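Data block below; observations after.
Computed from the coordinates by the stated procedures, all read-outs in this text should not be read as laboratory data. Predicted model only: the values in this text are computed from it and were never measured. In this analysis, Cβ positions are derived from the backbone assuming ideal geometry, glycine residues included, and neighbour counts consider all displayed protein chains.
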Amino acid sequence: MRILVTGGAGYIGGAVAAELVNCGHDVIVLDNLSSGHRGAVPKQATLIHADVGDRVRLGQLFAASEIDGVMHFAASIDVRESMLAPATYFRNNAVNTLNLIELMLEYGITKFLFSSTAAIYGTPSQVPITESLTLKPTNPYGESKLVVEQMLQWFGRLHGLRYASLRYFNAAGAFDGHGEDHRSESHLIPLVLEAANGKRESVSIYGTDYETHDGTCVRDYVHISDLACAHVLAFEKLGKGQEPERLVYNLGNSRGYSVREVIDVSRRVTGRKICFKEEPRRPGDPPILIASSEQIKRELGWKPKVTELELIIQSAWEWRQRNPDGYAS
């Protein structure tokens, strides 16, 4: 298939684009490069430097290319920032996605994969979290993603849009030359490794009084290669059959690690001293997010291969050692 990957110069989008290429698909990446990197785009893919909110440019692309489907990763992703600038998140994540879907349907493109998030569950009533739990986001980032999922249901019902919504927990690690390098870093593992590499003095632990075994937040980490594989499986599933289809899956390892545990494991992996500072809680942070991924395992045969936190961090550390300045290296 010829697949448009929006946000394909980012961490997850770039890894998925690489996996698509490895599986024999023709890939077009559209990215405004505001947070992504040219170096994250596979050499075999075509890169178009444009914004997903640009209806004219998108229309030209759809008119000129026979695109079979779209994978949508272009979004703002920082929970803390979303609490300070909610309008930006609803505009980038919800309005621009609506714009994209409208143009897709106008040009007869009906296969769509959406990069969603575990943040739509908010503070869950049970863990591990299943896809059937009530969706109650605690921050504008999660709410903006939920708005899109709600839109997708209606477009599927009324216009025959076949879509997959993949709700990931914490993507981490590196593979095939793809590592995590955000211009404004907010994710725990790369922040910890920057401290190990001497790029920052310490790591902040936001909240030490949660109802967890050591008082810090607990998260489920899934390796980026396993995440990329799940996207290809889901998208290829959409390519089969004629009836409108809706796929919604959690992606995680069904095992949680606290912030303190991530720091301790990173110390063992790197052999470096990693200092930390205890800070107040951040608004909108649920105490525990652990996935149940039984549904995608059962229905699509997905099986994560890199499940140990030590191996996930090891892959990220090796990439960072080879690329001390990220893609700028």
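The lysines whose alpha-carbon is closer than 18 Å to the alpha-carbon of LYS145, local same-chain residues fewer than 8 away aside, are LYS136. Ordering TYR89, PRO124, GLN150 by Cα displacement along the dipole of the range 64-183 toward the positive end leaves PRO124 in first place; charges were set at the Cβ atoms of Lys, Arg (+1) and Asp, Glu (-1). Taking every DSSP bridge with both residues inside the chain, close to 10 percent are antiparallel.
All Cα-Cα distances of the range 204-316, cut into 5 Å bins from zero to the largest, leave 2, 11, 17, 18, 16, 14, 10, 6, 4, 2, 1, 0 percent in each bin in turn. Neighbour counting of Cβ atoms within 10 Å sorts the residues HIS231, HIS37, fewest neighbours leading, into HIS37, HIS231.
Please work out the C-alpha center-to-center distance from the range 187-264 to the range 45-98 and express it in whole Å. Centre-to-centre distance over Cα atoms comes out at 22 Å. With viscosity set to 1.567 mPa s and temperature to 4 °C, compute the Stokes-Einstein D of the range 182-259, Rh being the Kirkwood radius across alpha carbon pairs; µm²/s, no decimals. Rounded to a whole number, D works out at 82 µm²/s. Residues CYS275, CYS217, CYS23, CYS229 in ascending order of nearby Cβ atoms (within 10 Å, fewest first): CYS275, CYS23, CYS229, CYS217. Annotation: average projected area of the chain is 15.4 square nanometres, based on the convex hull of Cα atoms across all directions.
The length gained on full extension between CYS275 and LYS43, counted as 0.36 nm times the residue separation minus their Cα-Cα distance, comes to 79.7 nm. Distances between placed amide hydrogens fall under 5 Å for ILE48 paired with VAL29, LEU30, ASP31, all partners being 5 or more residues away or on another chain.
Of all aspartates and glutamates in the structure, the ones whose alpha carbon falls short of 16 Å from that of LYS43, not counting any fewer than 8 places away in one chain, are GLU19, ASP26, ASP31, ASP176.
For ILE129, the amide hydrogen comes within under 5 Å of the amide hydrogens of ILE290, ALA291, SER292, counting only partners 5 or more places away or on other chains and with H modelled in the peptide plane.
Remark: the range 60-70, residue by residue, has Karplus-estimated 3J(HN,Hα) of 4, 5, 5, 6, 8, 10, 7, 8, 8, x, 10 Hz, where x stands for each Gly or Pro and the curve is 6.51 cos²θ - 1.76 cosθ + 1.60 at θ = phi - 60°. Charges were assigned to the Cβ only: +1 to each Lys and Arg, -1 to each Asp and Glu. The resulting dipole of the chain about its Cα centre is roughly 140 debye. By definition, a body whose alpha carbon gyration tensor gives a ≥ b ≥ c is prolate when a/c is 1.5 or more and a/b is larger than b/c, and the range 174-215 fits this prolate description. Excluding the site residues themselves, the longest part of the chain lacking any trypsin sites (Lys or Arg not before Pro) in a DSSP loop with at most 16 other Cβ atoms within 10 Å is 44-182. Amide H to amide H, with H built 1.01 Å from N, SER76 comes under 5 Å of ASN93, counting only residues 5 or more places away or on other chains. Available extension along the chain between ASP54 and HIS159 is 35.5 nm, counting 0.36 nm per residue and deducting the alpha carbon span.
Computed from backbone phi, the HN-Hα couplings of the range 182-197 come to 8, 5, 10, 6, 10, 8, 5, 4, x, 5, 4, 6, 5, 5, 5, 8 Hz, rounded to whole numbers (Karplus: 6.51 cos²θ - 1.76 cosθ + 1.60, θ = phi - 60°; Gly and Pro given as x). The phi torsions of the range 103-115, fed into the Karplus equation with coefficients 6.51, -1.76 and 1.60 and a -60° offset, translate into couplings of 5, 4, 5, 4, 9, x, 9, 10, 10, 9, 10, 10, 7 Hz, rounded to whole numbers, with Gly and Pro shown as x.
Rounded to the nearest 20, the size of the Cβ-charge dipole of the range 1-136 about its Cα centre is 180 debye, with Lys and Arg at +1 and Asp and Glu at -1.
For the range 254-304, the ratio of Cα radius of gyration to the globular rule of thumb 2.2 N^0.38 Å stands at 1.62.
Translational diffusion coefficient of the range 1-55 (Stokes-Einstein, Kirkwood radius from Cα pairs, 20 °C, 1.002 mPa s): 201 µm²/s. Kindly express, to the nearest 10 degrees and within the range 0 to 90, the angle between helix 11-22's C-alpha long axis and the longest C-alpha principal axis of the chain. Taking Cα atoms only, the helix is inclined about 60 degrees.
For the range 6-125, the calculated P(r) over all alpha carbon pairs, in 5 Å bins from 0 to the bin holding the longest distance, is 2, 11, 21, 23, 20, 13, 7, 3, 1, 0 percent.
Going from the fewest other Cβ atoms within 10 Å to the most, the residues SER115, SER35, SER204, SER266 appear in the order SER204, SER35, SER266, SER115.
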